[in-house]
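Notes for the one structure printed next.
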Amino acid sequence: MQKLEKLRRLAWILNAAVRIPGLRLRAGADTILGLVPGGLAFGTLLSLYIVWEGHRMGVGRRIVRKMLLNVGIEAAVGVVPLLGDVFDTVFKADLRNVALIEEVLARTRFRNNAGSVIEKNPADGLFYPSRSRF
């Protein structure tokens, strides 16, 4: 879970570290990087790092595709000067992706040494072996 906390912190820095005065919005390093030449590519690489770590943490292919779509949308719109920065401030792909990772990890708590997946049953709060794998 320490890895998840680091990803949360990185996403917060990229998407919500600074309050915009007079508005109810927060912006992050991604917005500022979009104003610098080559910054969009660096920001996209940081976003892809979050996707990679989510993959390593065991999220399924479907969730990884959703995460890649979020990064792709942000990068594609980010190419447009100024509009891309405004979109990035509102869309917050990295925070969305960390939320997807957290959602999967909430369903699947841990793996034992044999590699079987253990899930928490919401009805009784107990842990049982999963019938499905990612």
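Of all residue pairs spaced 6 or more apart or on separate chains, those with beta-carbon atoms under 6 Å, a first member in region 1-23 that is free of Cβ contacts under 8 Å to residues at least 60 places away in the same chain and a second member that is surrounded by 15 or more Cβ atoms within 10 Å (Cβ to Cβ) and part of a helix (DSSP H, G or I) are 13/29.
Working only within region 30-41, note down all residues that are under 12 Å from residue 85 (Cβ atoms) and not hydroxyl-bearing (Ser, Thr, Tyr). Scanning region 30-41 gives 30, 32, 33, 34, 35, 36, 39, 40. Look at region 38-67: where a residue is closer than 16 Å to residue 106 by Cα and touching a residue at least 60 places away in the same chain (Cβ under 8 Å) and a partner is aromatic (Phe, Trp, Tyr) and surrounded by fewer than 20 Cβ atoms within 10 Å (Cβ to Cβ), sitting 6+ places away or on another chain with Cβ atoms under 9 Å, you get 58/134; 59/134; 60/134.
Yes/no matrix, rows are residues, columns are (1) of a type in the set (Gly, Ala, Ser); (2) surrounded by 15 or more Cβ atoms within 10 Å (Cβ to Cβ):
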| residue | (1), (2) |
| --- | --- |
| 22 | yes, no |
| 31 | no, yes |
| 52 | no, no |
| 68 | no, yes |
| 74 | no, yes |
| 84 | yes, yes |
| 92 | no, yes |
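Within region 16-33, the set of residues being of a type outside the set (Val, Ile, Thr) and part of a helix (DSSP H, G or I) comprises 29, 30, 33.
Summed over region 54-65, residues that are in contact with a helix residue (DSSP H, G or I) (Cβ under 6 Å, 6 or more places away or on another chain) and part of a helix (DSSP H, G or I) total 4.
Among the residues making up region 66-86, those that are among the small types (Gly, Ala, Ser) and touching a helix residue (DSSP H, G or I) at 6+ places or on another chain (Cβ under 7 Å) are 75, 78, 84.
Just a yes or no: is a residue in region 49-57 acidic (Asp, Glu), modelled with pLDDT of 85 or more and under 25 Å from residue 25 (Cβ atoms)? No, that holds for no residue.
Test residue 45 against the criterion of being among the hydrophobic types (A, V, I, L, M, F, W, C), crowded, with 16+ Cβ neighbours inside 10 Å and part of a helix (DSSP H, G or I), and give yes or no. No: the conditions fail for residue 45.
In the set 86, 36, only one residue is in a loop (DSSP other than H, G, I, E, B) and at pLDDT below 95; that residue is 36.
The values are calculated or read from the model by the stated rules, or taken from the named source; none is laboratory data. Worth saying up front: this structure is predicted, and the values here are computed from it rather than measured. A quick note on method: Cβ atoms are made from the backbone with ideal geometry, for glycine too, and the neighbour counts reach across all protein chains shown.
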